[in-house]
Amino acid sequence: MTTSKQMTLKLKVWRQKNAKDQGRFVDYTVEGVNQAASFLEMLDVLNEQLIRKGEEPVAFDHDCREGICGSCAMMINGCAHGDMPRTTACQLHLRHFNDGDTIVIEPWRARAFPIIKDLVVDRSAFDRIISAGGYVSTNVGNAPEANSIPVPQQDAEAAMDAAACIGCGACVAQCKNASAMLFVSAKVSQMAHLPQGQPERARRARNMVAQMDKEKFGACSNTGACEAACPKGIKLTNIALLNRELARAQVKS
Amino acid sequence: MAMASWKAYLGSSIGKKKLVGLTGLALSLFTLTHMAGNLLMFVSADAYNLYSHTLVSNPAIYLAEAGLVAFFLIHVILTVQLTMDNRAARPAGYQHAAHGVKKTSFAAKTAILSGSLLLAFVVLHLQTFKFGTVYTTTVDGVEMRDIYTLVVEKFREPGYVAWYLLSLVLLGMHLSHGFKASFQSLGLFASNHPTLAKLGWAFAIIVAGGFITQPLAVYFFGLGG
């Protein structure tokens, strides 16, 4: 952080007043932005410039800015959260860009994620999928003694890996079909691996898949773009598991 | 109740993909056996004709053919339906194409296109050979169709050879995505499982490469006199 190089970036940003507006790309130039800044900090600089000029700032979702909340969501040069693997837009830094670069910034594009304003999309379809079965409906009370429910180490690891999903929607955004399979599979997988998830296992898989289809996400073409785009490294093995879970639910019913 | 639940299962996006994967795998195995049979061209004209005659004179051929047609139709109808649904799931596309690791493979993106051209190929292929000119020959005192002569005749036409080669390259591309993808749809392995990904490529190259050897041998190396 000793060298603080200044950069000038040319941006093509999707601007859309509201859900009904047609929307269009608007060109901006951000000058003198620090190379050590994050991508969202660069947008903050742009917005300050816009506010000073009396223009409407670019609306984008953000919260923790440390890569764990899943709020930030934008396509940066055709890649969800930018082209760095396992990185959220807030953790993407300008040192990965060159002075004078043109960067195209677009919202997630999916029928199930309607645009609210500029780069902000409505991701409540994910919430409805979770409501359809992504939970354990027992009153757990206090934490039980750790050895009373033994969980094999591999299962615990697999469940934790799936539970790393932050629900940002990058998988949907990157998928050529706007499919939500990686998200849904992570949510089904994290509980299918644990004893607490067993009583509702079949129902969970069936209901969450039904809700996913109802929300009009596309189907899975097994291309793996979702895994590549996932900032949390959720694996395609979860999708294979979801495909298995649904078959299992069908046979058990 | 049971009926309705199966309908919901197979009608879901996952259920449809399972049928696509299952029929795709069955058709993939068919292409492998078909390719292996074709290699008899390199043994002799009689061996090739006898193999063909043995296949078509077995009454079970009608069952096998009906099965193939059914698999083909299910595969085509469902993939067309899924493609339409998938396109509707993203009404407005992106201005900037993906690049680097987040990019989707060309074979996966164009599977519906390669598949459509393969459908045209299969129809024309049946017309050219199965329902094409009938020459006859006698092998071990049995009169049978001389399909070998017809194949050699066709593989001497440059236009036909070019179309055949193009179709086989498309088949290879289609298989390079479809073979490994089927395993993920069926819930067996992730499609990017390192061994499966290699096996998918090997399968595609062996099948397409195997088919391609005969037109090349006939056209460039004078196979079949």
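Report yes if some residue within the range A:222-232 is without any contact (Cβ under 8 Å) to a residue 40 or more places away in the chain, within 26 Å of A:G82 (Cα to Cα) and touching a Lys or Arg at 6+ places or on another chain (Cβ under 9 Å); otherwise report no.
Yes.
Does the range B:82-97 hold any residues that are within 27 Å of the chain's Cα centre (by Cα) and open to solvent by 60 Å² or more (accessible area, probe 1.4 Å), and which are they?
Answer for the range B:82-97, where residues must be within 27 Å of the chain's Cα centre (by Cα) and open to solvent by 60 Å² or more (accessible area, probe 1.4 Å): B:M84, B:D85, B:R87.
Mind checking which residues of the range A:75-89 are outside any loop (DSSP other than H, G, I, E, B) and crowded, with 24+ Cβ neighbours inside 10 Å?
If the condition is that a residue be outside any loop (DSSP other than H, G, I, E, B) and crowded, with 24+ Cβ neighbours inside 10 Å, then A:M75, A:C79, A:A80, A:A89 are the ones that fit.
Just to confirm my filter: which helices (runs of 4 or more DSSP H) fall fully inside the range A:113-188 and include at least 1 residues that are within 17 Å of A:R201 (Cα to Cα)?
Counting at least 1 such residues, we get A:124-131, A:153-163.
Please work out if B:S44 is open to solvent by less than 70 Å² (accessible area, probe 1.4 Å), within 14 Å of chain A (Cβ to nearest Cβ) and closer than 25 Å to B:L165 by Cα.
Answer is no for this residue.
Could you check, for the range A:3-26, whether at least one of its residues is of a type in the set (S, T, Y) and surrounded by fewer than 12 Cβ atoms within 10 Å (Cβ to Cβ)?
Checked the range A:3-26: at least one residue is of a type in the set (S, T, Y) and surrounded by fewer than 12 Cβ atoms within 10 Å (Cβ to Cβ).
Can you name the number of the only condition in (1) out of contact with any Leu (no Cβ under 9 Å at 6 or more places or on another chain); (2) over 17 Å from B:L119 (Cα atoms) that B:G15 fails?
The one condition B:G15 does not meet is (1).
In the set A:I68, A:I103, A:I51, which member is surrounded by fewer than 20 Cβ atoms within 10 Å (Cβ to Cβ), farther than 27 Å from A:C230 by Cα and of a type in the set (A, V, I, L, M, F, W, C)?
On the way: A:I68 fails: farther than 27 Å from A:C230 by Cα; A:I103 fails: farther than 27 Å from A:C230 by Cα.
Criteria check complete, one pass: A:I51.
Can you report the number of residues in the range A:54-65 which are within 20 Å of A:H81 (Cα to Cα), acidic (D, E) and open to solvent by 70 Å² or more (accessible area, probe 1.4 Å)?
Residues meeting the conditions: 1.
Please note which helices (runs of 4 or more DSSP H) are completely contained in the range A:201-253 and include at least 3 residues that are more than 8 Å from every other protein chain (Cβ to nearest Cβ).
Numbers: elements: A:201-214, A:225-229, A:237-252.
Those helices (runs of 4 or more DSSP H) span A:201-214, A:237-252.
Looking only at residues that are of a type in the set (D, E, K, R) and farther than 19 Å from A:L11 by Cβ in the range A:66-97, which one is farthest from the other protein chains (Cβ to nearest Cβ)? So that I can check it myself, show each step before the final result.
Residues of the range A:66-97 that are of a type in the set (D, E, K, R), as a first pass: A:66, A:83, A:86, A:95.
Then drop every residue that is not farther than 19 Å from A:L11 by Cβ, which leaves A:66, A:86.
Details: A:E66: 22, A:R86: 10 Å.
Result: A:E66.
If B:L186 satisfies every condition in (1) in contact (Cβ under 8 Å) with a residue 60 or more places away in the chain; (2) away from chain A (no Cβ under 14 Å); (3) surrounded by fewer than 22 Cβ atoms within 10 Å (Cβ to Cβ) but one, which is the exception?
(2)
Identify, please: which residue in the range A:149-180 is touching a Leu at 6+ places or on another chain (Cβ under 7 Å) and in contact (Cβ under 8 Å) with a residue 40 or more places away in the chain and is, among those, nearest to A:F113 (Cα to Cα)?
My answer is A:C171.
Mind checking which residues of the range A:119-152 are at pLDDT 95 or above, open to solvent by less than 70 Å² (accessible area, probe 1.4 Å), within 18 Å of A:G197 (Cβ to Cβ) and of a type outside the set (A, V, I, L, M, F, W, C)?
A:G133, A:G134
Please pick out the residue among A:A205, A:A163, A:A186, A:A180 that is open to solvent by 20 Å² or more (accessible area, probe 1.4 Å) and aliphatic (A, V, I, L, M).
A:A163
Can you tell which of B:V134, B:V122, B:V151 is open to solvent by less than 70 Å² (accessible area, probe 1.4 Å) and more than 28 Å from B:M84 (Cα to Cα)?
Going through B:V134, B:V122, B:V151 in turn, the sole match is B:V151.
Filter the range B:80-137 down to the residues that are away from every other protein chain (no Cβ under 14 Å) and touching a residue at least 60 places away in the same chain (Cβ under 8 Å) and list them by number.
Passing the criteria: only B:T137.
Please list, ordered by first then second residue, the pairs with beta carbon atoms under 9 Å, 6 or more apart or interchain, first in the range B:189-207 and away from chain A (no Cβ under 14 Å), second surrounded by fewer than 18 Cβ atoms within 10 Å (Cβ to Cβ).
Taking only residues 6 or more apart or on different chains, the pairs are B:F203/B:L32; B:I206/B:L32; B:V207/B:L32; B:V207/B:H34.
Within the range B:10-35, can you find the residues that are open to solvent by 10 Å² or more (accessible area, probe 1.4 Å) and more than 14 Å from every other protein chain (Cβ to nearest Cβ)?
Matches in the range B:10-35: B:A26, B:L27, B:L29, B:F30, B:T31, B:L32, B:T33, B:H34, B:M35.
Criterion first (surrounded by fewer than 16 Cβ atoms within 10 Å (Cβ to Cβ) and either outside any helix (DSSP H, G or I) or among the charged types (D, E, K, R) (or both)) does B:L113 satisfy it?
Judged against the criteria, B:L113 is not a match.
Considering the range B:25-51 alone, what residues qualify as being polar (S, T, N, Q), closer than 21 Å to B:Y135 by Cα and free of Cβ contacts under 8 Å to residues at least 40 places away in the same chain?
Correct list: B:S44 only.
The values are calculated or read from the model by the stated rules, or taken from the named source; none is laboratory data. Given the structure is predicted, the values throughout are model-derived calculations rather than measurements. When we count neighbours, we look across all protein chains shown, and the Cβ atoms used for this are built from the backbone with ideal geometry, even at glycine. To get the accessible areas, we keep the full protein, side chains included, count just its heavy atoms, and leave off ligands, DNA and RNA. Shrake-Rupley method; radii C 1.70, N 1.55, O 1.52, S 1.80 Å.
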